[in-house]
1. Check Ile34 against each of (1) of a type in the set (A, V, I, L, M, F, W, C); (2) out of contact with any His (no Cβ under 6 Å at 6 or more places or on another chain); (3) under 22 Å from Leu132 (Cα atoms) and name the one condition it does not meet.
2. Basic (Lys, Arg), in contact with a strand residue (DSSP E or B) (Cβ under 8 Å, 6 or more places away or on another chain) and farther than 21 Å from Ile193 by Cβ - does that describe any residue in region 87-108?
3. So, of the residues in region 150-189 that are out of contact with any helix residue (DSSP H, G or I) (no Cβ under 8 Å at 6 or more places or on another chain) and surrounded by 14 or more Cβ atoms within 10 Å (Cβ to Cβ), which turns out to be farthest from Met83 (Cα to Cα)?
4. Checking Trp144 against (1) surrounded by fewer than 18 Cβ atoms within 10 Å (Cβ to Cβ); (2) without any contact (Cβ under 8 Å) to a residue 40 or more places away in the chain, only one condition comes out false. Which one?
5. When you look at Ser39, is it more than 18 Å from Arg292 (Cβ to Cβ), in contact with a helix residue (DSSP H, G or I) (Cβ under 7 Å, 6 or more places away or on another chain), part of a loop (DSSP other than H, G, I, E, B) and not basic (Lys, Arg), yes or no?
6. Somewhere in region 179-198, is a residue without any contact (Cβ under 8 Å) to a residue 12 or more places away in the chain, part of a loop (DSSP other than H, G, I, E, B) and farther than 23 Å from Glu119 by Cβ?
Amino acid sequence: MMTVAKDLKVQGDIRFNEPMSRHTSWRVGGPAEIFFVPSSIDDLASFLAELDADTPLFWHGVGSNLLVRDAGLPGVVISASKMLKHIERVGDRQVRAGAGVPCTSLARQCVRWQLGPSEFFAGIPGTVGGALAMNAGAHGGETWERVASVQTIDRSGVVRQRGPDDYTVGYRSVVGPANEWFLEAVFEFDPAIKPSVQTMKSMLDRRKETQPLGLPSCGSVFRNPPGDYSARLIETAGLKGYRIGGAEVSTKHANFIINRDDATASDIEELIEHVRKAVLEAHGVDLKHEVRIVGEAPS
């Protein structure tokens, strides 16, 4: 499979045995067998069309909600966020944004255009693509409440336009056609609802005050259970500051696990499971994690 990939003619950048620790916000993760950064959608489509159908394929954004195990990822990792940075206004109500656009940038631009409600995007770490994949939300707003349409690409390189009816959307959950990835979305807003610069600034300030943003983490590790908050359950279980290896439950926000001291992915995964079990024992609540855990554990 490695030989086949080397023979593929592409305009983008192909790397072999690329450490995923360079591409995740936790700064951990073993190597990707093949790491491809396409130069354009046409380049990506050509690559996918030539790729063997049995080759494992993983779509990577900015790695803000991702834990890659220490043995890494077999097959191909596609990192397309660098070419999907476009954002433009479409008519009076809509904005087209590429999957690589940071959600904070989307929020700021929509506020400039006075399109609301849009401030909540400032509270979402990561990119539009990641927000679409998990229906990310913040401060009472959710991504798919604003989606008018999306553009996707499948593993054969076919580009499609799809609407919200093609997806089943729930809390931090999106189920749609298999083996397709988001390239962009058109978001629809209400011009009668004027967003507030001050509200957006307050959201960003609150993030700085309440979250350990200067340390490697993935953002919130667990989903909030109905009617409660994971951070409260973790804190009242006495887990703030609890460490396994170099991984630590943040003393600033209990639903954050930080890479305090050269943690491994195994440290972090073990700590996630410890927190889940401790909360279950203390409160009878089985927390579900938001973070996506992928790859192979060391043998």
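1. Unmet condition: (3).
2. Let us first name the residues in region 87-108 that are basic (Lys, Arg), namely 89, 93, 96, 108.
Then keep just the ones that are in contact with a strand residue (DSSP E or B) (Cβ under 8 Å, 6 or more places away or on another chain); that gives 89, 93, 96.
Filter once more, keeping what is farther than 21 Å from Ile193 by Cβ: none.
There is no residue in region 87-108 that is basic (Lys, Arg), in contact with a strand residue (DSSP E or B) (Cβ under 8 Å, 6 or more places away or on another chain) and farther than 21 Å from Ile193 by Cβ.
3. So the first thing to find is which residues in region 150-189 are out of contact with any helix residue (DSSP H, G or I) (no Cβ under 8 Å at 6 or more places or on another chain), and the list is 151-152, 160-163, 165-166, 168, 170-171, 175, 178-180, 186, 188.
Now narrow it down to the ones that are surrounded by 14 or more Cβ atoms within 10 Å (Cβ to Cβ): 151-152, 162, 166, 180, 186, 188.
Details: Gln151: 14, Thr152: 14, Arg162: 20, Asp166: 25, Glu180: 17, Val186: 17, Glu188: 23 Å.
If we take residues in region 150-189 being out of contact with any helix residue (DSSP H, G or I) (no Cβ under 8 Å at 6 or more places or on another chain) and surrounded by 14 or more Cβ atoms within 10 Å (Cβ to Cβ), then Asp166 is farthest from Met83 (Cα to Cα).
4. (1)
5. Working: more than 18 Å from Arg292 (Cβ to Cβ): yes; in contact with a helix residue (DSSP H, G or I) (Cβ under 7 Å, 6 or more places away or on another chain): yes; part of a loop (DSSP other than H, G, I, E, B): yes; not basic (Lys, Arg): yes.
For Ser39, the condition - more than 18 Å from Arg292 (Cβ to Cβ), in contact with a helix residue (DSSP H, G or I) (Cβ under 7 Å, 6 or more places away or on another chain), part of a loop (DSSP other than H, G, I, E, B) and not basic (Lys, Arg) - is met.
6. Of region 179-198, the ones without any contact (Cβ under 8 Å) to a residue 12 or more places away in the chain are 192, 198.
In the following step, the residues that additionally are part of a loop (DSSP other than H, G, I, E, B) were identified as 192.
Then keep just the ones that are farther than 23 Å from Glu119 by Cβ; that gives none.
Taking every residue of region 179-198 in turn, none turns out to be without any contact (Cβ under 8 Å) to a residue 12 or more places away in the chain, part of a loop (DSSP other than H, G, I, E, B) and farther than 23 Å from Glu119 by Cβ.
No value in this document is a laboratory result; all are computed from the given coordinates. Being a predicted model, the structure only gives us computed values, none of them experimental. Note that we place each Cβ from the backbone using ideal geometry, even for glycine, and neighbour counts take in every protein chain shown.
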